[in-house]
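Colleague: Before I ask anything, here is the structure I am working with.
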Amino acid sequence: MSRAYDVSDFAAFLRKYGDSGRDSESRTEEPSRDASQRTRTDRGRNQESTLSRNGYDRSRTIYRCRNREYSLRESEVQTLTDLGKFRMVPADDLARFAYRGDRSRMESDLRNLSRQGLIEQRSIEGHSSYSTKVLTLTKDGHRLLEREQLVSNRQTIYHGMVKPKEARHDADLYRLYHKVAREIADVGGKVRRVVLDYELKQELYRKLSRVDPNKDLAYERIRVANEYDLKVVNDKIPVPDLRIEYEDECRELRRLDLEIATRDYRPQGLAEKAKAGFHLFARQQDHAKLRRVLDTQEITARIFAL
C-alpha cells in the first residue's frame, strides 16, 4: 500500500534522498514575503510607510518602468514574484500560503495589481465539475520584475498560460512547493531557487540539438543528462515537474526533483518517472490506481500525498 505523506517521514526523506547539487558556489537568497524589498528602496524610489489596524505594513513604493509608474506594497511585489516563478497560482492556494488565510488582504492586493495591469485572473477546468480561478502575470508584470531586478537573475519567471490542457496539473505545483519547502525549513534548509519542467526541457533540447551526430548518441545523451543531475531511462531523459534547489543545514546546495502523478499517466510514463528517481506525489484519490501501476512494473517507489 502507498503511505500518505507524513512530516516525520519527510525529514528523513530529505536527508536520505536529497541529491547534491554541482553549483554550490552560486547561492542566491530567496526573499521573504514581508522583507523582499527592504534593501531596494534606496534606488530613487518614493516610499510612504503606514501600518494597517492589524499591523500589516501598508507602505508603498513607486517603481518606474518604461515611462509608467507602479505603486506597490511589499506583499504585492512578492505576489508578483510567486506568480512569475510558478507561471500560474490558484487564488485559494495564494490566500492559504502567501497570505496565511487572510483573504481580504489578498483581495486588496489583487485588485491593486489588476488595476495596474500587472496580473490577470483566469478560470481552468478539468475532470467532472472541477473549476478553479488561477492568477498569472501579464507581460507588463513580467517586464517590471525583470527591469527592476526584483528576482534573482538565476530564477526564471513566466507570464501567461501556454499549456491549457495541463493547466490543472500545473496549478498544483505551488501547493506542492509549499508543502516541501516547509519541511526543508524544518530540517534547517533554505530554498534558493525553483525550476519548472519548461526550463529544464528547453535547456536539455538545446544541448541535445548541438550534439555532433558523428559521436555516440547514447553516450552523449548520458553526458548531457549528467550535466543536469538527471538520468537516462529507455533512451530518454525524463524531466521532473518541479526541481527545488536548497541549502541544507551544512550550507551545501542540494536538489529535490518532484513529480505530480495523476491517474491519467500511462504506465510506461509513470514507470520512467519513478526509475528516474523523482519523488512522486499524487492526490489521495489517485493513489490506489498509481500503486497498482507501479506494482505491475515491479517498482517499489513511494507515493506521497499531495
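The values are calculated or read from the model by the stated rules, or taken from the named source; none is laboratory data. Since the model is a prediction, treat every value here as computed from it, not as a measurement. With ideal geometry, Cβ positions are generated from the backbone for all residues, glycine too; neighbour counts draw on all protein chains shown. Heads up: the accessible areas ignore ligands, DNA and RNA and are worked out on the full protein's heavy atoms, side chains in. Shrake-Rupley method; radii C 1.70, N 1.55, O 1.52, S 1.80 Å.
One line per residue, one yes/no per condition, for (1) within 27 Å of R182 (Cα to Cα); (2) open to solvent by less than 10 Å² (accessible area, probe 1.4 Å):
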| residue | (1), (2) |
| --- | --- |
| L196 | yes, yes |
| Y205 | no, no |
| A225 | no, yes |
| I244 | yes, yes |
| E249 | yes, no |
| H287 | yes, yes |
| L290 | yes, yes |
| V293 | no, no |
| E298 | no, no |
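Colleague: On the basis of being charged (D, E, K, R), modelled with pLDDT of 95 or more, within 30 Å of I244 (Cα to Cα) and open to solvent by less than 50 Å² (accessible area, probe 1.4 Å), does K85 make the cut?
Modeller: So K85 passes the test.
Colleague: Specify the residue that is farthest from R73 (Cα to Cα); the eligible residues are those in the stretch 99-111 that are open to solvent by 10 Å² or more (accessible area, probe 1.4 Å) and not basic (K, R).
Modeller: Of the stretch 99-111, the ones open to solvent by 10 Å² or more (accessible area, probe 1.4 Å) are 100-105, 107-108, 110-111.
Filter once more, keeping what is not basic (K, R): 101-102, 104, 107-108, 110.
Details: G101: 18, D102: 16, S104: 15, E107: 13, S108: 11, L110: 11 Å.
By that ranking, first place goes to G101.
Colleague: Quick one: which residue in G141, G160 is in contact with a strand residue (DSSP E or B) (Cβ under 9 Å, 6 or more places away or on another chain), part of a loop (DSSP other than H, G, I, E, B) and open to solvent by less than 20 Å² (accessible area, probe 1.4 Å)?
Modeller: Of the residues listed, the single one that is in contact with a strand residue (DSSP E or B) (Cβ under 9 Å, 6 or more places away or on another chain), part of a loop (DSSP other than H, G, I, E, B) and open to solvent by less than 20 Å² (accessible area, probe 1.4 Å) is G160.
Colleague: Here are some residues: D216, D264. Which one is open to solvent by 90 Å² or more (accessible area, probe 1.4 Å), of a type outside the set (S, T, Y) and more than 23 Å from the chain's Cα centre (by Cα)? Let's see the steps before the verdict.
Modeller: Values: D264 fails: more than 23 Å from the chain's Cα centre (by Cα).
Unique residue meeting the criteria: D216.
Colleague: Take the residues in the stretch 105-142 that are modelled with pLDDT of 95 or more and charged (D, E, K, R), then tell me which one is farthest from T262 (Cα to Cα).
Modeller: In this case the residue turns out to be R115.
Colleague: From the residues in the stretch 73-123 that are assigned to a loop (DSSP other than H, G, I, E, B), under 19 Å from the mean Cα position of the chain (by Cα) and of a type in the set (D, E, K, R), which one is nearest to Y174 (Cα to Cα)?
Modeller: R87
Colleague: How many residues does the stretch 256-290 hold that are of a type outside the set (G, A, S), out of contact with any Lys or Arg (no Cβ under 6 Å at 6 or more places or on another chain) and within 20 Å of N226 (Cα to Cα)? Step through it out loud before you land on a result.
Modeller: Kept after step one, since they are of a type outside the set (G, A, S), are these residues of the stretch 256-290: 256-260, 262-268, 270, 272-273, 275, 278-281, 283-287, 289-290.
Retained after the next criterion (residues that are out of contact with any Lys or Arg (no Cβ under 6 Å at 6 or more places or on another chain)): 256, 258, 260, 262, 264-268, 270, 272-273, 275, 278-281, 283-285, 287, 290.
So of that shortlist, the ones also within 20 Å of N226 (Cα to Cα) come out as 256, 258, 272-273, 275, 278-279.
Counting residues in the stretch 256-290 that are of a type outside the set (G, A, S), out of contact with any Lys or Arg (no Cβ under 6 Å at 6 or more places or on another chain) and within 20 Å of N226 (Cα to Cα) gives 7.
Colleague: When you go through E259, E272 one by one, which is the residue that is of a type in the set (D, E, K, R) and open to solvent by less than 10 Å² (accessible area, probe 1.4 Å)?
Modeller: E259
Colleague: Which of the residues spanning the stretch 275-284 are crowded, with 23+ Cβ neighbours inside 10 Å and assigned to a loop (DSSP other than H, G, I, E, B)?
Modeller: F278
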